[in-house]
Structures are given as C-alpha cells and as structure tokens.
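All remarks here apply to the structure that follows.
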Amino acid sequence: GLEATPETAFQLASVSKAWDAAALMAAREAGALTLSDDIHQHLPFRVENPLLGADQPPMRINHLASHTAGLQDNSDAIVYAPGDPQVPLEVFLEDYLTPSGAHYSAGDNFHPWEPGRVYSYSNVGAALTALVVQEATEAPFEDWCQQSLFDPLGLDRTRWFLADYPDDQVIATPYLVGSDGWEPQELYGFPTWPDGQLRSTAEEVARFLGMVMAGGTWEGEAVLSEASVA
C-alpha cells in the first residue's frame, strides 16, 4: 500500500555486479592490485580446478571479472534466506572452493576448461572478485565500496546489508504471485552477496550512472579515472 518514490530502495540483483566492477577498478587505481594478478596473491586459500591437471595455468583477477575463470554456480550450495547472510563471505567461498569444504563439489562447482578460454556467467566468480578486492585493500568489501563509491557519490540509501538501514521500511517489499494474488515476501540475503544483494534507489543509481557517463566524475568529484570507466 506504499507508493514507490525515487528514494525507495530496491534490491538490484545482478546489476550489483556493475558496482563490483567499479570497486575493483578503484582498488586497481589505489595500487592494491592489477587485473593480471594471480588471484592467490590476494586470497587466504588456494583455488585449484580439480577437473584440470596439476600444471594448470593461473586463475587471474581478469578471469574472475570477465566470467572466464571456469567457476560454476551450484544452486544446492547457495541458499537464499530471510535477512542478511550469517556466514562470512570468505568462510563460504573457502567451503565452496577447497576440497575440505562443506560445499565443495568438483563436478558442480567447476567447469572443465582452463581460465580465460570460455565465458560462463558465474555468481561465485563475482563473489570471489569481491573477496580478492577485500583482501587486497585490507578492508571489508562493503567498507571499500562505502569509501570508494558511496561516499564520493553522496549515497545514503545504497547498502549491501539490511542491518545497515536504520529503517527497513524504506526498502521495497518483494512480492510473488500466488493463488490468492500478490503475496509479500521477506527481505532476503545469500552467502555470495556481492553478486546481487546491493540495494539502492532510482535517484542514487542515477548518480552512479551519471558518474559513468561523465567519465568517472560526479559533481566535480573524481570517483574513477576515464581509463577505469572505459
């Protein structure tokens, strides 16, 4: 019964990945990483594709960012549930990507090709990109986004977690169509949250897009370089 306004926050789903990319490029500009880095330069655990041989080529940051790393999304392991995710990002990804992990599956979590060879859309890859940024910048990914994107753009209602909203009434309630019509759903989260959990408003997404259209600057504030935007 509430009217949506330009200040109503909606979950952006996979549009969140555009913000992940901006945060990654901001980390590159800060000198924390390069796109050609082997991901193991920045991770606290190793990721080896069990479907490849022992001499497999390195998985690089640009492979993650371009969905060519050979990682596969296993829907049985990635559970969507009401509220914010309860398992830290790094814990879930280690459980998913290392042989001793609770969510590890060679056949369901990996593709049988070398990094850089084949495009295959991957939510896990996006989440791992965020973890690389987190480790390289030595800041929680949500804090890095706040510092490098949200604050320079003056965003007050763009956040990764429900807990960061003083009042969740500013967030649009999601609905499904059931037998009795529209049925309200609980606000939800999931362990690979950087791939699609960001919430923002029409007005604040417009600021982000305005910055991109202006080559990295918003209202005189340099957020990214023109090269990073390109």
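For this structure, a couple of remarks:
- Taking the criterion of being open to solvent by 40 Å² or more (accessible area, probe 1.4 Å) and either modelled with pLDDT under 95 or over 30 Å from Tyr165 (Cβ atoms) (or both), the residues of the range 87-109 that qualify are Pro99, Ser100, Ala102, Tyr104, Gly107, Asp108.
- Residue, farthest from the chain's Cα centre (by Cα), within the range 106-120, restricted to residues that are assigned to a loop (DSSP other than H, G, I, E, B) and of a type in the set (A, V, I, L, M, F, W, C): Trp113
- Selected residue (criterion: farthest from Ala69 (Cα to Cα)) from residues of the range 79-105 that are aliphatic (A, V, I, L, M), under 17 Å from the mean Cα position of the chain (by Cα) and in a loop (DSSP other than H, G, I, E, B): Val87
- Residues in the range 1-10 that are in contact with a Ser or Thr (Cβ under 9 Å, 6 or more places away or on another chain) and either open to solvent by 30 Å² or more (accessible area, probe 1.4 Å) or at pLDDT below 95 (or both): Leu2, Thr5, Pro6, Glu7, Phe10.
- Residue in the range 122-140 that is open to solvent by less than 20 Å² (accessible area, probe 1.4 Å), assigned to a loop (DSSP other than H, G, I, E, B), within 20 Å of Gln11 (Cβ to Cβ) and hydroxyl-bearing (Ser, Thr, Tyr) present: yes
The values are calculated or read from the model by the stated rules, or taken from the named source; none is laboratory data. What you are looking at is a predicted structure, and each value in this text was computed from that prediction instead of being measured. Backbone-built Cβ (ideal geometry, glycine too); neighbour counts: all protein chains shown. When the accessible area is computed, the model is the full protein with side chains, heavy atoms only, and any ligands, DNA or RNA have been set aside. Shrake-Rupley method; radii C 1.70, N 1.55, O 1.52, S 1.80 Å.
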